[in-house]
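The values are calculated or read from the model by the stated rules, or taken from the named source; none is laboratory data. Values in this document were obtained by computation on a predicted structure and should not be read as measured data. No Cβ is skipped: glycine too gets one built from the backbone with ideal geometry, and neighbour counts run over all protein chains shown.
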Amino acid sequence: MRPALLLFSAAVGLVLLIACVNVANLLLARLSDRAAEIAVRASLGASRLRLLRQLLTENLVLALAGGIAGVAVAWFCDRLLLIAAPVTIGRFGSDAPNWHIFLFAVSISLCAGLLFGVLPALRITRSEAGSSRPASLSRRVTTRRNRRRLSSALIVVETALSLMLLAAAGLLLRSFINLERLNPGFNHDHLATFETTLPNAKYSDPAALQRFIDSTQQQILRIPGVQSAGSVTTLPTQPTLNFPFTIVGMSNLSPGQASGESDYLLVSADYFRSIAGELQQ
């Protein structure tokens with residue numbers, strides 16, 4: 001599952017960047033509306049460092065609240081995934097909250113809030129601190145123009161990231177559609193499977209294991225509508241068993257070339273008949 005998880009992590013990273021750029025643009029617009037307030041504070045003696053500290057504190061509180069809300073939603077979705085996911089996918093989480101993940105999410109939220117909140121804060125505090133002193137009309141026009149340029153740059157970055165995410169989602173959807181159209185070599189219509197794990201202490205004897213398999217298949221065949229039943233060690237598309245082998249009489253090959261591993265499956269007599277779908281529908 002590692003490649004799939006890395007792919008989803010990259011998609012989540014793009015979503016985080018898009019959200020951060022969007023929030024930075026909104027903060028810039030909000031701070032532009034508070035320009036008069038910041039100018040009054042600066043004229044009353046507030047230093048630029050004090051104004052910057054106040055704005056960054058507000059941004060960090062906003063980021064922390066968003067991070068905690070995101071962790072809560074993720075924990076709820078994780079519970080739903082564990083309930084709905086097949087057993088073969090495995091459990092990605094545990095029933096108890098993982099504090100390492102919580103601290104990581106909070107740290108990422110604070111870093112994102114600090115990183116994407118400092119640029120608008122620096123821009124607005126520098127312009128308003130400068131405008132608290134006597135300034136010409138051209139300086140104020142230049143300040144507004146710089147704000148528009150920063151806002152336009154953020155919009156361009158957000159659009160580019162959105163297009164990247166959209167292209168990646170389109171490729172992922174296309175791969176999924178191609179996978180659905182792929183012929184696996186067997187007919188999965190009207191086919192039901194289940195897995196079981198037997199204790200070694202009770203079924204260490206191959207004869208006892210075979211008796212259990214035969215008895216289970218006979219009980220399944222008595223179910224109305226069942227036409228055939230078979231057993232296999234592992235289902236298709238799942239990891240198979242393997243055993244090492246050595247080629248006898250190949251002395252001219254190196255030890256690595258004269259040996260290897262082979263996959264194998266143990267199946268019952270009716271397995272291929274059941275999975276081939278050559279039954280009356």
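Just one residue in the set SER127, SER138, SER107 is at pLDDT below 75, in contact with a helix residue (DSSP H, G or I) (Cβ under 9 Å, 6 or more places away or on another chain) and of a type in the set (Ser, Thr, Tyr); that residue is SER127.
Within the option set ILE38, ILE68, ILE18, being in a helix (DSSP H, G or I), at pLDDT 80 or above and either in contact with an Asp or Glu (Cβ under 8 Å, 6 or more places away or on another chain) or not hydrophobic (A, V, I, L, M, F, W, C) (or both) holds for one residue only, ILE18.
Filtering segment 209-226 to residues that are surrounded by 12 or more Cβ atoms within 10 Å (Cβ to Cβ) and among the polar types (S, T, N, Q) leaves GLN210, THR216, GLN217.
For segment 44-57, taking the residues that are assigned to a helix (DSSP H, G or I) and free of Cβ contacts under 8 Å to residues at least 12 places away in the same chain, the one that is nearest to VAL23 (Cα to Cα) is identified as THR57.
When we screen LEU28, LEU16, LEU44 for residues that are closer than 25 Å to VAL106 by Cα, surrounded by fewer than 18 Cβ atoms within 10 Å (Cβ to Cβ) and either touching a His at 6+ places or on another chain (Cβ under 7 Å) or not polar (S, T, N, Q) (or both), the only hit is LEU16. Within the bounds of segment 241-260, is there any residue that is under 28 Å from LEU179 (Cβ atoms), assigned to a loop (DSSP other than H, G, I, E, B) and at pLDDT below 85? No, that holds for no residue.
One residue stands out among those in segment 143-186 that are among the polar types (S, T, N, Q) and touching a helix residue (DSSP H, G or I) at 6+ places or on another chain (Cβ under 9 Å): the one that is modelled with the highest pLDDT, which is SER162.
Here's the yes/no breakdown for (1) within 23 Å of ASP263 (Cα to Cα); (2) of a type outside the set (Val, Ile, Thr); (3) touching a Pro at 6+ places or on another chain (Cβ under 8 Å):
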residue	(1), (2), (3)
THR196	yes, no, no
LYS202	no, yes, no
LEU209	yes, yes, no
PHE212	no, yes, no
GLN217	no, yes, no
GLY225	no, yes, no
THR233	yes, no, no
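Of the residues making up segment 198-217, just one is of a type in the set (Phe, Trp, Tyr) and in contact (Cβ under 8 Å) with a residue 12 or more places away in the chain, namely PHE212.
Here is a yes/no grid of residues against (1) part of a helix (DSSP H, G or I); (2) touching a Leu at 6+ places or on another chain (Cβ under 7 Å):
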| site | (1), (2) |
| --- | --- |
| ALA153 | yes, no |
| VAL157 | yes, no |
| SER162 | yes, no |
| LEU165 | yes, yes |
| GLU180 | yes, no |
| ASN183 | no, no |
| PHE194 | no, no |
| LYS202 | yes, no |
| ASP214 | yes, no |
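Can you say whether LEU265 is modelled with pLDDT of 80 or more and over 24 Å from ASN183 (Cα atoms), as far as the supplied structure shows? Considered against the rule, which asks whether it is modelled with pLDDT of 80 or more and over 24 Å from ASN183 (Cα atoms), LEU265 comes out as no.
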